[in-house]
Amino acid sequence: MIDARRLERRILFVSGAFVLSLFALVLLANATLSMGLPTCVTDIKPFDKGELMGGASNHYELRYVARMWRFEPADVQIPVGATVDIYLSTADVTHGFEVPGTNINLMAVPGTVNYARVKFDTPGDYEILCHEYCGAGHQNMESVIHVYDPIVAHSQMAVQPVEVVSNHPGYHLLEIKACLACHSVDGKPGTGPSFKKLYGRKETMQDGLVITVDAAYIRESIKQPMAEVVKSFSPVMPTLSVSDAEIDQIIAYMKTIGTNK
Ligand code: CUA
């Protein structure tokens, strides 16, 4: 006859060992597969402003706010190989936060901040999706992390004019705001459109819209670089702090290097 107590002890031992080995596997995955464990952090209060911070020694802090029906920030640029600490908060209801192709899978729960650490080893555009039904606009919730290769980006920046010099205050601004790293003033190709003979030109945008490059468009392009991007160019322009008066000077300078009127 089987001793019932002995059998019970055995069952307890086997199931205990099973639970422990599962736990050990989770820790192993965390340590070796760079699968940061999603954590609910308590030392950071829920926030309502999404932003990318840091950058020193290739380490970033990326705060996302999920709200009906978008993620903030909508778009960030991160160099390949950077370690990114993602903090997620919600401004309203519960949202999901998933980056397909990675191990990032978080929930934005009201009143909490969720955290995951990731390292992007491959350049590309990583889309963020909401995977928790949150209302009528749920399917519109998305954001992108552009992971770029700084060496490639830099070689593109190398295509910048050195011989074109002007004393125009608008030109000086383009210089100090580093616009010239991507936009030439002599027609040479770059990461962004050349400014030469750009003013007044008709351009086709990525969404098919044809617009005329006028003062209003230039102003919008500086303030919201991703709003309307010219076809055949990548939406990589950062948002810069340029005042309205400075934009006026830049526009005045652009008119001096050729217009299409
Ligand atoms: Cu947010 Cu679905």
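Quick one, what does Rg over Rh come out to for segment 110-249 if you take C-alpha atoms and the Kirkwood Rh?
1.03
By how many nm would the segment from His59 to Asp121 grow when fully extended, if each residue of separation counts as 0.36 nm and the alpha-carbon distance is taken off?
Between His59 and Asp121, full extension yields an extra 21.0 nm.
Gain in length, Ile44 to Asp149, computed as 0.36 nm per residue apart minus the alpha-carbon separation, to one decimal in nm?
Stretched fully, the Ile44-Asp149 segment lengthens by 34.7 nm.
If you wrap a convex hull around the Cα atoms of segment 63-161, how much volume per residue is inside, in Å³?
99 Å³
Counting only pairs 8 or more residues apart or on different chains, how many lysine pairs in the chain have their Cα atoms under 13 Å apart?
Close lysine pairs found across the chain: 7.
With the contact rule set at Cα under 8 Å and sequence spacing of 6 or more, what percent relative contact order holds for the chain?
Rounded, it is 13 percent for the chain.
Would you calculate a helix-derived [θ] at 222 nm for the chain, using -39,500 (n - 2.57) for each DSSP H run of n ≥ 4 and dividing by the full residue count, to the nearest 500?
One gets -8000 deg cm²/dmol as the mean residue ellipticity at 222 nm.
Please find the FRET efficiency linking Asn105 to Ser232, where r is the Cβ-Cβ separation and R0 is fixed at 30 Å, and quote it to the nearest 0.05.
So, using R0 = 30 Å, E works out to roughly 0.30.
Expressed as a whole percent, how much of the Cα-Cα distance distribution for segment 1-154 exceeds 22 Å?
Above the 22 Å cut-off, segment 1-154 has 49 percent of its Cα pairs.
Please work out the Cα convex hull volume for the chain and give it in Å³ per residue.
Dividing the Cα hull volume of the chain by its residues yields 183 Å³.
Throughout, read-outs are computed from the coordinates displayed, never taken from laboratory work. Please read all numbers here as calculations on a predicted model, not as lab measurements. In this analysis, Cβ positions are derived from the backbone assuming ideal geometry, glycine residues included, and neighbour counts consider all displayed protein chains.
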